[in-house]
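Novice: Pasting a structure here, questions to come.
Read the figures in this text as sums done on the coordinates, not as results from a lab. On a predicted model such as this, the values are computed, not experimentally measured, just so you know. Glycine gets a Cβ as well: all are built from the backbone with ideal geometry, and neighbour counts include every protein chain shown.
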Amino acid sequence: MQNTADTGPATTIDVTPLLDDPHAAYAALRESGPVHRITAPDGQPAWLVTRYDDVRSALADPRLSLDKRHAAPGSYRGFALPPALDANLLNMEPPDHTRVRRLVVKAFTARRVEALRAPVRQVADELLDAIEPAGRADLIADYAGHLPITVICDLLGVPRSDRRDFRAWTDTLITPDPARPQLMKQTVGELTAYFTGLIATKRAHPADDLLSELIAVRDTQDGDGAAAGEEAGAAPGGDRLTEDELTSLAFLILFGGYENTVHLIGNAVLALLDHPEKLRQLCHDPDELPSFLEELMRYEPSAPLAIRRFPREDLEIGGVRIPAGDCVLLSLASANRDPARFPAPDTLDPGRDLSGHLALGHGIHYCLGAPLARMETATALAALIERFPGLRLDVPREELRHRRTLRARGLISLPVAW
């Protein structure tokens with residue numbers, strides 16, 4: 001791998017090592033330079049930022065926009081979604097971002113999340129009851145993959161009969177098959193149609209769930225007297241949502257709430273199995289789980305990269321000039337293993353100073369569902385460790401495979417026995 005030059009043409013690096021052995025690859029990149037020119041998986045160019053101080057500063061830099069309207073032609077933009085799914089917080093800047101986030105953040109307050117802890121534990125225990133007699137299981141397919149989809153669908157009010165479709169849809173979006181490009185298009189179409197129909201059903205028959213609450217926000221007149229019949233793309237007045245924002249928000253809560261938590265649980269369990277002395281320590285003292293969880297997220301975050309950003313103007317990061325409109329990718333995984341911020345970063349150490357780790361982001365785009373993700377993952381780990389203190393891998397370590405994508409760091413399967 002070669003370093004970008006601070007001035008003059010940049011050398012484009014191959015991203016394959018980031019898929020094969022990401023932590024070693026990021027370590028080499030950090031050592032050789034702070035910012036690198038890469039080719040994204042779709043063949044488009046982007047800039048990759050790897051060092052902690054640069055990544056943290058960039059996450060909070062208002063000159064770096066999530067709004068794709070600031071992207072230059074030919075820049076990497078991530079996968080394309082129709083307007084009904086694309087008008088979400090991952091593409092917004094203030095004031096729209098402020099307005100929409102303020103409406104939905106009420107669903108993730110500490111009080112509301114804590115109220116979900118007992119139901120989440122009940123689901124976890126039921127899943128463990130189902131797999132316990134066999135003495136072995138695939139923790140991704142049989143546990144980590146079920147728990148978050150159940151929780152997030154309960155939160156939104158998705159009927160239980162529809163949840164098998166949700167897992168298939170989200171799995172397709174997480175790791176699209178290059179050999180089947182039509183499958184992605186079909187999946188996006190099915191998701192759009194599903195959410196449009198679900199919103200219509202909830203609008204006609206509201207229930208005690210988050211989606212019904214958001215529909216009420218969308219349909220109720222605001223203080224300025226704006227009519228409920230706004231067109232989908234029109235900017236609303238006051239604290240309200242457009243129809244596209246409503247649909248996109250439901251999609252984002254489902255997709256983000258499912259994907260990230262599945263990978264958080266799987267990554268955390270594997271890290272503990274790789275460090276059996278730490279697993280024993282946690283079994284003997286479950287009260288250490290909160291500090292363990294923060295270290296596990298730092299050690300192997302589920303999202304290696306923050307959402308792509310586009311400079312509103314020419315700027316410098318780490319002494320490297322980046323033109324306006326170019327795609328900038330901020331590596332949370334690399335920043336979290338920067339020895340300049342976390343000494344001995346490849347060591348799993350729950351006793352270290354974990355303030356400022358970037359696994360869930362930083363700044364105004366800090367993960368909206370962070371409280372729920374922490375609670376779900378902690379509950380899943382606590383239930384698993386209490387039930388199976390002798391948990392062990394059921395295949396050789398070298399047989400485990402991760403999804404080959406820069407979007408997420410997650411295991412395809414995790415066979416275990418007890």
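Novice: If a paramagnetic tag sat 7 Å from the Cα of residue 184 along the Cα-Cβ line, which residues of the range 50-77 would have the backbone N under 15 Å from that point?
Specialist: 75-77
Novice: With an 8 Å cut-off on Cα pairs and a minimum separation of 6 or more residues, tell me the relative contact order of the chain in percent.
Specialist: Working: 656 pairs, mean separation 108.8, N = 418.
Relative contact order for the chain comes out at 26 percent.
Novice: Between residue 386 and residue 115, what is the FRET efficiency for a Förster distance of 35 Å, r being their Cβ-Cβ separation, to the nearest 0.05?
Specialist: 0.95
Novice: Can I ask one more? Rounded to the nearest Å, what's the spacing between the alpha carbon centres of the range 94-139 and the range 177-219? Just the number, please.
Specialist: So the two Cα centres are separated by 20 Å.
Novice: Of 178, 276, 301, which is the most mobile in a GNM of the chain whose springs link Cα atoms less than 10 angstrom apart?
Specialist: Its mean-square fluctuation being the largest, the pick is 178.
Novice: Based on other C-beta atoms within 10 Å, arrange 202, 68 from fewest to most. Kindly include the intermediate steps, with their values, before the conclusion.
Specialist: Values: 202 21, 68 16.
Listing 202, 68 from fewest to most nearby Cβ atoms yields 68, 202.
Novice: Exposure proxy check: 50, 196 ranked by fewest other beta carbons within 10 Å? List each step's numbers first, then the result.
Specialist: Working: 50 27, 196 14.
The most exposed by this proxy come first: 196, 50.
Novice: Take the alpha carbon gyration tensor of the range 255-364, find the square roots of its eigenvalues, order them as a ≥ b ≥ c, and report rounded if a/c is under 1.5; if not, report prolate when a/b exceeds b/c, else oblate. Don't jump to the answer; show the numbers that get you there.
Specialist: Details: a/c = 3.03, a/b = 1.99, b/c = 1.52.
The shape class here is prolate.
Novice: Testing the spin-label approximation: label points 7 Å from Cα along Cα→Cβ at residue 12 and residue 63. State their distance in nm.
Specialist: Placing both labels 7 Å along Cα→Cβ, they lie 2.5 nm apart.
Novice: Once the piece of chain linking residue 24 and residue 193 is laid out straight, how much longer is it, given 0.36 nm per residue of separation minus the C-alpha distance between them?
Specialist: Values: separation 169, 0.36 × 169 = 60.84 nm, distance 4.21 nm.
Working it through step by step, the gained length comes to 56.6 nm.
Novice: Follow-up. If R₀ is 45 angstrom, what is the calculated FRET efficiency for the pair residue 79 and residue 122, using the beta carbon separation as r and rounding to 0.05? Numbers along the way, then the final one.
Specialist: Numbers: r = 35 Å, r/R0 = 0.78.
FRET efficiency, residue 79 to residue 122: 0.80.
Novice: Another question, if that's okay. When every alpha-carbon pair in the range 331-418 is counted, what percent end up more than 17 Å apart?
Specialist: Values: 2595 of 3828 pairs.
Roughly 68 percent, rounded to a whole number.
Novice: Considering only 389, 253, 118, whose Cα is most displaced toward the positive end of the charge dipole of the chain, charges sitting on Cβ of Lys, Arg (+1) and Asp, Glu (-1)?
Specialist: Result: 253.
Novice: Now for a separate question. Given R₀ = 41 Å, what would the calculated FRET efficiency be for residue 398 paired with residue 163, taking r from the Cβ atoms and rounding to 0.05? Show your work: numbers first, answer last.
Specialist: Details: r = 33 Å, r/R0 = 0.82.
It comes out at approximately 0.75.
Novice: Give me the lysines in straight-line cross-link reach of residue 185: C-alpha distance below 21 Å, same-chain residues under 8 apart excluded.
Specialist: 68
Novice: Can I ask one more? What whole-number distance in Å separates the alpha-carbon centres of the range 31-80 and the range 255-310?
Specialist: When both Cα centres are located, 25 Å separates them.
Novice: Sort 170, 377, 12, 150 by Cβ crowding within 10 Å, fewest neighbours at the top.
Specialist: Working: 170 23, 377 28, 12 14, 150 19.
Ranking 170, 377, 12, 150 by Cβ neighbours within 10 Å, fewest first, gives 12, 150, 170, 377.
Novice: Cα centroid distance between the range 352-376 and the range 377-418, in Å?
Specialist: Cα centroid of the range 352-376 versus Cα centroid of the range 377-418: 21 Å apart.
Novice: If we sort 57-66, 288-297 on the protection proxy, mean other Cβ atoms within 10 Å, highest first, what's the order? Mind showing how you got there, number by number?
Specialist: On the way: 57-66: 18.1, 288-297: 19.7.
Ranking the peptides 57-66, 288-297 by packing returns 288-297, 57-66.
Novice: Hey, what did the range 304-418 get for relative contact order, percent, Cα under 8 Å, at least 6 apart? Write down the numbers at each step before the final one.
Specialist: On the way: 109 pairs, mean separation 22.7, N = 115.
Taking the mean separation of contacting Cα pairs over the length of the range 304-418, I get 20 percent.
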